[in-house]
Amino acid sequence: MLELIDIHTFYGPVETLKGVTFEVRQGEVVCLIGNNGAGKSTALMTISGIMRPAAGDIFFEGVSIKGVSPHRILRMGISQVPEGRRIFPKLTVRENLEMGAYSGRGNAASLLEKVYTLFPVLKERHKQAGGTLSGGEQQMLAIGRALMSSPKLLLLDEPSLGLAPIVTSKIFRTIREINREGVTVLLVEQNARAALKLSERGYVLENGSVSLHGRGEDLLNNELVRKAYLGE
């Protein structure tokens, strides 16, 4: 479904992605793990068109999306949940969700009901301002807003950041449920253990390059990964 080939992306004068190559197959959950500054978020922003690669190419369903604008990439079926959620704090929960439907992909009313089924608390609080929700509820709102565009591929950037363990577990169960309903997922996550348990395959980014890749289960048992990212 998605293929990055020898991608080089710069943040100002700094090369943050240095020849990154990886793929995501339809129906998978794939994770990117690595330390802060490894290039994980840059990879997602490059895929979604927010940052443009200086070299290399990106293919989505066989079509190059290098240099394509973010709104066109969204309409092609790629939706991103950014790090930090970035909801609209003064808009209601329902208004936040409706903002996610502007691309016109799918039936907004039907999609809204699906989001409410996935996150019942959002239906309970649909008139409440987004900024008054708890951190976990805001993360649910950010994911729900992304789902309102009826994505084929969902990019998740640090969905567990700042959340209590019990809330993190709920978010990860929901990601699995979203995937089971047919949405392919590319996940960036500092919680390497949870990410690898959830994912069919994973890639380890170090200093802007892929240093390891394999099945999630195999990476969980890899000695280097265990020492560097699992605290063992």
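May I ask you to say which residue of Leu161, Leu155 is closer than 22 Å to Ser79 by Cα and touching a Leu at 6+ places or on another chain (Cβ under 7 Å)?
Leu155
Evaluate region 154-170: report whether one residue or more is touching a Lys or Arg at 6+ places or on another chain (Cβ under 6 Å), surrounded by fewer than 21 Cβ atoms within 10 Å (Cβ to Cβ) and either under 21 Å from Pro89 (Cβ atoms) or not charged (D, E, K, R) (or both).
Looking through region 154-170, none of the residues is touching a Lys or Arg at 6+ places or on another chain (Cβ under 6 Å), surrounded by fewer than 21 Cβ atoms within 10 Å (Cβ to Cβ) and either under 21 Å from Pro89 (Cβ atoms) or not charged (D, E, K, R) (or both).
Can you tell me which residue among Arg125, Arg180 is closer than 17 Å to Leu91 by Cα and either among the basic types (Lys, Arg) or without any contact (Cβ under 8 Å) to a residue 40 or more places away in the chain (or both)?
One residue alone meets the criteria, Arg125.
Are there any helices (runs of 4 or more DSSP H) wholly within region 123-232 with 1 or more residues that are within 30 Å of Val14 (Cβ to Cβ) and either among the hydrophobic types (A, V, I, L, M, F, W, C) or out of contact with any Pro (no Cβ under 6 Å at 6 or more places or on another chain) (or both), and if so which?
135-147, 192-198, 216-220, 223-229
Does Val188 satisfy being crowded, with 18+ Cβ neighbours inside 10 Å, in contact with an Asp or Glu (Cβ under 6 Å, 6 or more places away or on another chain) and either among the aromatic types (Phe, Trp, Tyr) or under 21 Å from Val30 (Cα atoms) (or both)?
Details: crowded, with 18+ Cβ neighbours inside 10 Å: yes; in contact with an Asp or Glu (Cβ under 6 Å, 6 or more places away or on another chain): yes; either among the aromatic types (Phe, Trp, Tyr) or under 21 Å from Val30 (Cα atoms) (or both): yes.
So Val188 fits the description; yes.
FYI, it's all coordinate maths here, none of it is from the lab. Since this is a predicted model, take the numbers as computed values, not measurements. No Cβ is skipped: glycine too gets one built from the backbone with ideal geometry, and neighbour counts run over all protein chains shown.
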